[in-house]
Amino acid sequence: MLITLKQAATKIQAANKILLTAHIIPDGDAVGSTLAMLQILRSIGKSAQIFIDDTVRENLHALPHFDEIRRPVKGETFDADLLLILDTSPDRIGNVRNLTDAPILNVDHHVTNSGEGYELYVEPDAAATCEIVYKLARELGAEISLDAAKCIYAGMATDTGFFQYSNTGADTLRIASELVTCGVRPNEIAEQMERKSVAEVRDMTKALQSARIFLGGKVAGIFLTRADSTEGFIDLIRVIDGVDVAFMINDKAENFCRVSMRSKGTDVATIANSLGGGGHIRAAGCTLKTSLDEATKILVAAIGKALHVDNLSDAGTPLSEID
Ligand code: 5GP
Ligand code: MN
């Protein structure tokens, strides 16, 4: 059921012990929004704890209060009177779902989140869930500390590609400006978020070498096997002239391919949704439980259908073979 920001704030006010969570394969917005919310809730006298059922990419460990995030252990329960789910629908929170029977309050910015069966405040035009967390803090009359501001800024920066993507709106820049006024240093957050290990850069060069162009140059793909972290890799091919849809397939385990898509115009949320995933119009993803080759065929066919292209069985051309 869809609710308003005011109703979401009222639900929070009525609760005392709040379990906070976000999606598995957590990104800057998932971690930033839960960490900021933790601090905001405590500042208005609530007890709060974050659980995320996954490992978190190294760059995000420097965010304030990161060490307080817990991963549920098998059979564990947690005493809460509200389960506040940020940046995803309740189906992508892993075992956190089994920690409590408390009622769900869901706050999200994914257009593919339906709100069926739980209370949802969704703002598909918000660049990041962190942007909504900022508005919620204002609605709750809570102060935003410098530490909370850093977390909100980090989530907004990562979900907008540092204020470059089409989701960057006037509200995004106004809120970012207010966070900078609070004392956030954009260069410090950017350095933390962009840092990569040698292994990641090595994987990035492999990713570029694997690049192939499909469907008459409108689609580009990169292919990875068992890569741990692929943050930003898809941007390497998103920029290619004439490419509308960029995709990345990471063969994470046997018959388990993680797919990311980015677009300059095409609605990739609908494509991801048709393959069991979701996301935003210009950034979406899904998991295909099959081999890398089969996943590529399925994905190129689905993208081709959305682009109304005939050659749906295109095997792609490596960059080196293109003039
Ligand atoms: P990314 O490519 O960065 O992993 O994801 C892009 C966007 O799509 C993010 O907002 C992410 O939450 C969403 N997304 C990625 N994979 C999935 C998925 O399997 N299911 C759903 N519902 N959303 C996804
Ligand atoms: Mn997000």
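The values are calculated or read from the model by the stated rules, or taken from the named source; none is laboratory data. These numbers come from a predicted model, not from an experiment. Every residue, glycine as well, gets a Cβ built from its backbone with ideal geometry; the counts of neighbours run over all protein chains shown. With ligands, DNA and RNA removed, areas are computed over all heavy atoms of the protein, side chains included. Shrake-Rupley method; radii C 1.70, N 1.55, O 1.52, S 1.80 Å.
Here are the numbers for this structure:
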read-out	value
Filter result (open to solvent by less than 10 Å² (accessible area, probe 1.4 Å) and within 22 Å of the chain's Cα centre (by Cα)) within the range 1-17	8
Filtered residues of the range 55-94 (kept if part of a helix (DSSP H, G or I) and away from ligand 1 (no atom under 13 Å from the Cβ))	58, 59, 60, 61, 62, 66, 67, 68
Failed criterion for residue 57 (all others in (1) open to solvent by 10 Å² or more (accessible area, probe 1.4 Å); (2) within 16 Å of ligand 2 (Cβ to nearest atom); (3) farther than 20 Å from residue 280 by Cα; (4) in contact with a helix residue (DSSP H, G or I) (Cβ under 8 Å, 6 or more places away or on another chain) hold)	(4)
Residue ID - modelled with the lowest pLDDT, chosen from residues in the range 123-160 that are open to solvent by 10 Å² or more (accessible area, probe 1.4 Å) and not in a helix (DSSP H, G or I)	143
Output for the range 220-241, where each listed residue is within 16 Å of ligand 2 (Cβ to nearest atom) and open to solvent by 60 Å² or more (accessible area, probe 1.4 Å)	231
Test result for residue 200, open to solvent by 50 Å² or more (accessible area, probe 1.4 Å) and either closer than 30 Å to residue 149 by Cβ or of a type in the set (Phe, Trp, Tyr) (or both)	no
Where a residue in the range 55-70 is in the same structural domain as residue 21 (by TED's automatic domain parsing) and at pLDDT below 95 and its partner, wherever it lies, is surrounded by fewer than 15 Cβ atoms within 10 Å (Cβ to Cβ) and of a type in the set (D, E, K, R), with Cβ under 7 Å and at least six apart	59/195
Residue within the range 28-43 that is over 19 Å from residue 108 (Cα atoms) and outside any strand (DSSP E or B) present	yes
Condition broken by residue 256, with the remaining ones in (1) within 14 Å of ligand 1 (Cβ to nearest atom); (2) closer than 18 Å to residue 27 by Cβ satisfied	(2)
Those residues of the range 72-112 which are open to solvent by 60 Å² or more (accessible area, probe 1.4 Å) and either closer than 18 Å to residue 18 by Cβ or in contact with a Pro (Cβ under 6 Å, 6 or more places away or on another chain) (or both), in sequence order	77, 79, 81, 95, 97, 98, 101, 103, 111
Residue match in the range 80-89 (condition: modelled with pLDDT under 95 and either farther than 23 Å from residue 146 by Cα or within 15 Å of ligand 2 (Cβ to nearest atom) (or both))	no
